[in-house]
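The values are calculated or read from the model by the stated rules, or taken from the named source; none is laboratory data. Note that the structure is predicted; figures quoted are calculated from it, not measured. Note that we place each Cβ from the backbone using ideal geometry, even for glycine, and neighbour counts take in every protein chain shown. Ligands, DNA and RNA are excluded from the accessible area calculation, which covers all protein heavy atoms including side chains. Shrake-Rupley method; radii C 1.70, N 1.55, O 1.52, S 1.80 Å.
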Amino acid sequence: MKEQAEKPSLKDEKMKEAEEVAAVCENNMDVDDKEAAEDKCEQVEMIDPNENLKKEDIETLTNSMGFSEIRAQKGLINGNGSVEGAVEWLFNHQDDDDIDDPIEKVPKDGGAVAQSYKCNECGKILSNMANLELHANKTGHSDFEESTEFKKPLTEEEKAAKILEIKSLLKAKRAEREETEKAENVNREKQRRFMGQEMQKTREEMEIEARKRMAKQRKKEKEDALKERERIRAELEKDRRERAANKGKLTGKLGVDGYNPSAIQYDVNPDGTPVEEDAPAAPKKKAPPSAAKMDEYITKVSSYRAGGDGGNCLKILKAYIGNVVKNPGEPKYKKINMENKAYKTKVKPFLGAKNLLLAIGFAPTDDGTALELTEDADMEVLAQANAKVEAAYEKYMK
């Protein structure tokens, strides 16, 4: 035990005293001092601590359990003189460097074997290590020491009361564990339902988009059919007028594909004249990302709720921008590798993320593999963006 290592036992104090007396006896000193020391040496009688050990206990540890004799003796000396205490002590100290060293003699009046354990915080005497651990768990006390005081065995009534106390403690621990498991199960069920709702929402959105595409396609097919009917009517009207002008004869040839080639003709008017095509409109150029739209970009990223993707993206953006704000002189924080796995999986797929970086001063490199902070980037804008991203991340994680 930690407390035993810090506080020497009665046996250790006696051993130390005996060693000091022996050292005094051997040193050169005055006659009077030497005589006094010799008198003290004569008063201290050293004995072998193995004399008080039971032979049957040693045989049990050596023959039945396979311990060496020196280890069996040390286990009994330090384990309250019982086989159970010896086994417990050996299991805890079998890797000690001095486990197989010879056992030294001890002073006669210091060879008492510890019979129990004492709690220094409340003074309670505990008969064995199991009771010590139970007392520590129940009270939270941690200061213990060995004691030579014999702990009287419990009566049958005391044993029954102790068993009820232990059962009560176990029941309380079991109830606490069940409450914890119940809370965890509730949280898992909430998470499962949330994910199910998000998946259902995604499926509904996909179905709505599919219906819109189908409706748009049906509308286009109806418009194409209407234009084809108008074209055929125009051809028939043209033939009727030509027959009326040529006495029922038709000057034009009717091909195998009908009045016109098989392709649908949209470039003729009902009277057969070609339709003048308007010049193609120039494609609209998208406005470059602007710092004034930072809130819009952050809101788009925060809208990704399924699987926490939006939160992961905000976390990466917070790291990119926060590193620049906190370390404006570090060149390594001013360049973002777009080939990086984190950027590809947690930033690139989400609308608004790249526009936010471009809006605050980042620009693509010539090879298009990275985003680099321009020299004229405004640090105040970066600080504002950092604060807004941090606030959005905290709101997202609530």
- Just for region 83-107: of the residues that are in contact (Cβ under 8 Å) with a residue 40 or more places away in the chain and within 22 Å of Tyr117 (Cβ to Cβ), which one is most open to solvent (accessible area, probe 1.4 Å)? Glu84
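Table: residues versus (1) small (Gly, Ala, Ser); (2) within 24 Å of Ala292 (Cα to Cα).
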residue	(1), (2)
Gly311	yes, yes
Gly329	yes, no
Asn340	no, no
Thr365	no, yes
Ala370	yes, yes
- Task: With a cut-off of at least 1 residues that are in contact (Cβ under 8 Å) with a residue 60 or more places away in the chain and open to solvent by 20 Å² or more (accessible area, probe 1.4 Å), name the helices (runs of 4 or more DSSP H) lying wholly within region 289-398.
- Result: 294-302, 309-326, 353-359, 379-397
- Task: Give just the number: which of (1) closer than 22 Å to Ser82 by Cα; (2) modelled with pLDDT of 85 or more; (3) open to solvent by less than 90 Å² (accessible area, probe 1.4 Å) does Ser147 not satisfy?
- Result: (2)
- Query: Taking the stated definitions as given, is Arg233 within 43 Å of the chain's Cα centre (by Cα) and in a helix (DSSP H, G or I)?
  - Reply: no
